[in-house]
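No lab work stands behind these numbers, since they all come straight from the coordinates. In this text, all values refer to a predicted model and were calculated from it rather than measured experimentally. Glycine gets a Cβ as well: all are built from the backbone with ideal geometry, and neighbour counts include every protein chain shown.
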Amino acid sequence: MTSRKKRLSLRYVGHIAFLTGKSREAVELDETEDISDLIARLDERYPGLKDLFMPKGGVFNSRTGILVRRAGQPTFSVIDEGERVEDGDIITLW
């Protein structure tokens, strides 16, 4: 049995857009992945990104932010790296 993929739209703002060289892109993640998995995957493409969001010591960085727009819900800020991602989410990293 193959796992279903989630399609996400990513938006990059400020210094994150400078780091990635993009303002937006689409990615696919496995069904079981969460925000920490997304950040780890993005760090493979854009080395140093993970340290911006999750500095050593394991505390979410207060100088960056992640917003999630999800169908049928108000936009919310991610405060837990274990936050699940859902198919169709629009995620802004700043």
Please find, within region 24-52, the residue that is nearest to residue 94 (Cα to Cα) out of those that are touching a Lys or Arg at 6+ places or on another chain (Cβ under 8 Å) and assigned to a strand (DSSP E or B). 24
Got at least one residue in region 14-23 being farther than 13 Å from residue 92 by Cα, loosely packed, with under 15 Cβ neighbours inside 10 Å, out of contact with any Gly (no Cβ under 8 Å at 6 or more places or on another chain) and of a type outside the set (A, V, I, L, M)? yes
Over 12 Å from the mean Cα position of the chain (by Cα) and surrounded by 10 or more Cβ atoms within 10 Å (Cβ to Cβ): is that true of residue 84 in this structure? no
Please tell me if residue 79 is hydrophobic (A, V, I, L, M, F, W, C) and outside any loop (DSSP other than H, G, I, E, B). no
Which numbered condition in (1) of a type outside the set (Ser, Thr, Tyr); (2) surrounded by 13 or more Cβ atoms within 10 Å (Cβ to Cβ); (3) not in a strand (DSSP E or B) is the only one that residue 58 fails? (2)
